[in-house]
Amino acid sequence: MHNERSGFLTLMLTVGLAFLYIPMVLLVIYSFNYSKLVPVWGGWSTRWYKVLFESPEVWEAVRLSLQIAFINATFATMLGALAGLAMVRFGKFRGRTLFGGMLVAPLVMPEVITGLSLLIFFISLKELIGWPLERGFTTITIAHITFSLAYVAVIVQARLTGMGVSLEEAAADLGAKPFKVMSSITLPRLAPGLLSGWLLAFCLSLDDLVIASFVTGPGSTTLPILIFSRIRLGLRPDINALATIIIIFVAILVAIAAYIMLRQQRRELIDQQMAARGDV
Amino acid sequence: MVNVKTSSGSDALTDTKEISKDKPLLEIRGVSKKFGDFIAVNNVDLDIYQGELFCLLGGSGCGKTTLLRMLAGFEKPSSGQILIDSQDMSEVPPYKRPTNMMFQNYALFPHMTVEKNIAFGLEQDGLAKAEISDKIDSILKLVELQDYKKRRPQQLSGGQRQRVALARALVKQPKLLLLDEPLGALDKKLREQTQFELMNIQDKVGVTFVVVTHDQEEAMTLSTRIAVMDRGRFIQTGTPTEIYEYPRDRFVADFIGSANILDGKVVSNLEGIIKVSTYLGKFSFKSNSNISKGSNLYVGLRPEKISISRTSSKSTNITGYIDDIGYFGNTSRYKVRLDNDQIIDVTAQNQKRPKDEKDRLTYEDKVQLSWDNSSAMLLLK
């Protein structure tokens, strides 16, 4: 065993981590800056957190963003799962290749183009059928679903392919009708994929600035739009405070995920040990 | 290991088991399966009777698994008919067939306990809870896993999983149990032990088994009858003894066990006796085949049917020199070089422990080979 860490590797690790995290550390530090001017250090203070908590438009934006993200994730997961199932389990149907290609197209399409085309679509729809009257919550949600579902479909496809068909065949062989096979075997086995698809769709929606900017209307300001518009008027210390809160929130989620994974690994190890005692 | 059933003195197993020959349980009539241009199964006919343990034996890609999947209903025949108990299965989906399958990698539901796995099939039939739990108890007793009800498949060893899979398929009391490489995922020692368990269980429950395997030893030990498959066709169908002792052609002779294959020419074919000449002399066979004089065919001679010794005797057929030795402990395999540079494989039991180095046959020893001409096999192709 090579126990001593080589100096070069340690250096590379330090540089790499510094590159990734120094900006964020700086942001956290500056969120506690008393000074009104971001680059000027004016001593420690929680002043900007107070300002942040007292500004209703920030919380309105957070609420809107979370709402859109939640609805988007739910619909994108349902539609994406159906699309993934069609691709992997329906055999060869007419137009399958075309469908598959169109399904992943949003992944590679530049966001500005997606945003622009959706905007044009909503405008002409309004002319044709008079809906949607106003752009905002509904149009942003629809726009997010259109690109998030592609990600979910890819995850579901990968998971279904990895699962293979033998469990489903076994269930059918034991007398389960197609609907029962789906509900008792396919869906439970697919659940981890659906959960990660849902989370990814949720994050994509929370994160999106470009597409939302195209299809939003007056009065509907999502969190990324709010942050970006404020930054345009100059760096503001209360935004630093908001960003710090988001970083802490994400860090807690990552820690929980890591803990769950660790517990899962331990359980698998115990399973393996139980299994190994079997053949005597 | 030619035929364990007879060698273990329990040939009663084949005799007492009542295999009724009047009405086949499974009838396969001219079944073919094409995938695009590829013909996986080519116009196959077969009858399987109640109580049989039938093996489909062949290398990978020979169509055996495709045929099994057609019996289960996962694939539809491109042409032909499959009847179970005289009922046409063409339009019957897998979940309505009186068959159950044990999958190659068992396909146990990983999100359910052993108990739930076995209950799954019974629940689909709408049985009462009490009945289900009784059935689970008795089937788990049969496979000796009573104490493992609450475990999940991941917490079981390979052998235990295999038994759960068997229990899950058997508990529905199918007319036909289909087994896809049932022992393929087990290691050698466990496989040998499980072969006998599987036979005992089949004997107890009396369900007809159709087993797919690529392992000829497994097929020989397990089955009442074997169909040897190659490129989508049945090459030969028969009992293990028939297939081993009277293979039809080179492929079967070589696939089941091993054989020295000699080029031969028909010298005469008169009154049901075919005489064939080879470089090891003349052989005669009883056969009503109408092969004409002068045509080429092959004669097979199994390595264990040839005896090898240093001392010559009246029965000696030919002399040669030991070219190579494979020592397996219980037996040894010799490659004996003849004067015409042909190599003959010989297998000998190591009945006595050699007293010293001189007692043991070794490289370049001059040896006498002898055999009984009636052990030779006539191979048509």
**Study point:** Residues of region B:56-96 satisfying the condition of being more than 14 Å from chain A (Cβ to nearest Cβ), part of a helix (DSSP H, G or I) and among the hydrophobic types (A, V, I, L, M, F, W, C)
**Key:** B:LEU67
Check your understanding: Just wondering, is there one or more residues in region B:331-354 that are surrounded by fewer than 19 Cβ atoms within 10 Å (Cβ to Cβ) and aromatic (Phe, Trp, Tyr)?
Key -> no
Practice item. Could you tell me which of the residues A:PRO218, A:PRO224, A:PRO237 is at negative phi and touching a strand residue (DSSP E or B) at 6+ places or on another chain (Cβ under 8 Å)? Key: A:PRO237
**Study point:** Pick from region A:127-146, criterion exposed (fewer than 15 other Cβ atoms within 10 Å of the Cβ) and either at pLDDT 95 or above or assigned to a helix (DSSP H, G or I) (or both), ranking: nearest to the other protein chains (Cβ to nearest Cβ)
**Key:** A:ILE129
Exercise for review: Please determine, by comparing only the residues of region B:116-158 that are of a type in the set (A, V, I, L, M) and at the interface with chain A (Cβ under 9 Å from one of its Cβ atoms), which one is farthest from A:LYS177 (Cα to Cα).
Suggested key: B:LEU156
Revision key, fill the gap. Sole miss for B:GLY326 among (1) loosely packed, with under 12 Cβ neighbours inside 10 Å; (2) in contact (Cβ under 8 Å) with a residue 12 or more places away in the chain is condition (2)
Check your understanding: Mind checking whether some residue in region B:177-186 is crowded, with 22+ Cβ neighbours inside 10 Å, in contact (Cβ under 8 Å) with a residue 40 or more places away in the chain and of a type in the set (D, E, K, R)?
Key -> yes
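When only residues in region B:97-115 that are among the β-branched types (Val, Ile, Thr) and more than 8 Å from chain A (Cβ to nearest Cβ) count, which is farthest from the chain's Cα centre (by Cα)?
First, pick out the residues of region B:97-115 that are among the β-branched types (Val, Ile, Thr): B:99, B:113-114.
After this cut, where a residue has to be more than 8 Å from chain A (Cβ to nearest Cβ) as well, the list is B:113-114.
Working: B:THR113: 33, B:VAL114: 30 Å.
Only one residue fits best here, namely B:THR113.
Conditions tested, residue by residue: (1) out of contact with any His (no Cβ under 7 Å at 6 or more places or on another chain); (2) within 14 Å of chain B (Cβ to nearest Cβ).
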site: A:PRO188; (1), (2): no, yes
site: A:PRO192; (1), (2): yes, yes
site: A:GLY197; (1), (2): yes, no
site: A:ILE231; (1), (2): yes, no
site: A:GLY234; (1), (2): yes, no
site: A:ALA241; (1), (2): yes, no
site: A:ILE256; (1), (2): yes, no
site: A:GLN265; (1), (2): yes, yes
site: A:ILE270; (1), (2): yes, yes
Check your understanding: Which condition breaks for B:HIS111 when tested against (1) assigned to a loop (DSSP other than H, G, I, E, B); (2) closer than 29 Å to B:THR221 by Cα; (3) in contact with a Pro (Cβ under 8 Å, 6 or more places away or on another chain)?
Key -> (2)
Exercise for review: Please go through region A:110-126 and pick out each residue that is surrounded by 14 or more Cβ atoms within 10 Å (Cβ to Cβ) and either basic (Lys, Arg) or in contact with a helix residue (DSSP H, G or I) (Cβ under 8 Å, 6 or more places away or on another chain) (or both).
Suggested key: A:GLU111, A:THR114, A:GLY115, A:LEU116, A:LEU118, A:LEU119, A:PHE122, A:LYS126
**Study point:** Failed condition for B:LYS189, given (1) in contact (Cβ under 8 Å) with a residue 12 or more places away in the chain; (2) within 12 Å of chain A (Cβ to nearest Cβ); (3) of a type in the set (Lys, Arg)
**Key:** (1)
Review point. Residues in region B:314-372 that are in a loop (DSSP other than H, G, I, E, B) and either among the hydroxyl-bearing types (Ser, Thr, Tyr) or more than 28 Å from the chain's Cα centre (by Cα) (or both): how many?
Key: 20
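Yes/no per residue for (1) at pLDDT 95 or above; (2) over 20 Å from A:THR114 (Cβ atoms); (3) more than 19 Å from the chain's Cα centre (by Cα):
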site	(1), (2), (3)
A:LEU174	yes, yes, yes
A:VAL181	yes, yes, yes
A:ARG189	no, yes, yes
A:LEU195	no, yes, no
A:LEU199	no, yes, no
A:ASP207	no, no, no
A:PRO224	no, no, no
A:PHE228	no, no, yes
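Given the options A:GLY84, A:GLY91, A:GLY100, name the one that is farther than 28 Å from A:VAL250 by Cα and not in a helix (DSSP H, G or I). Break it down into steps so the answer makes sense when it comes.
On the way: A:GLY84 fails: not in a helix (DSSP H, G or I); A:GLY100 fails: not in a helix (DSSP H, G or I).
It is A:GLY91.
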Practice item. Could you grab me the full set of residues in region A:19-64 that are surrounded by 12 or more Cβ atoms within 10 Å (Cβ to Cβ), under 24 Å from the mean Cα position of the chain (by Cα) and more than 30 Å from A:PRO218 (Cβ to Cβ)? Key: A:MET24, A:LEU27, A:VAL28
Check your understanding: Of the residues B:SER277, B:SER295, B:SER289, B:SER268, which is touching a residue at least 60 places away in the same chain (Cβ under 8 Å) and more than 30 Å from B:GLN351 (Cβ to Cβ)?
Key -> B:SER289
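Out of curiosity, is B:ASP125 over 28 Å from the mean Cα position of the chain (by Cα) and exposed (fewer than 14 other Cβ atoms within 10 Å of the Cβ)?
yes
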Point to revise | Only one of A:LEU149, A:LEU187, A:LEU167, A:LEU174 that is under 25 Å from B:ARG97 (Cα atoms) and buried (at least 23 other Cβ atoms within 10 Å of the Cβ) | key: A:LEU174
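Hey, can you tell me all the residues within region A:125-141 that are free of Cβ contacts under 8 Å to residues at least 12 places away in the same chain and under 20 Å from A:PRO106 (Cβ atoms)? Break it down into steps so the answer makes sense when it comes.
Filtering region A:125-141 down to residues free of Cβ contacts under 8 Å to residues at least 12 places away in the same chain leaves A:125-133, A:138.
Selection gives A:LEU125, A:THR138.
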Revision key, fill the gap. Within region B:128-148, of all residues that are among the aliphatic types (A, V, I, L, M) and either touching a helix residue (DSSP H, G or I) at 6+ places or on another chain (Cβ under 8 Å) or not in a loop (DSSP other than H, G, I, E, B) (or both), the one surrounded by the fewest Cβ atoms within 10 Å (Cβ to Cβ) is B:ALA130
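The values are calculated or read from the model by the stated rules, or taken from the named source; none is laboratory data. Note that the coordinates shown come from a computational prediction; the quantities given were computed from them, not determined experimentally. We place every Cβ from the backbone using ideal geometry, glycine too, and count neighbours over all the protein chains shown.
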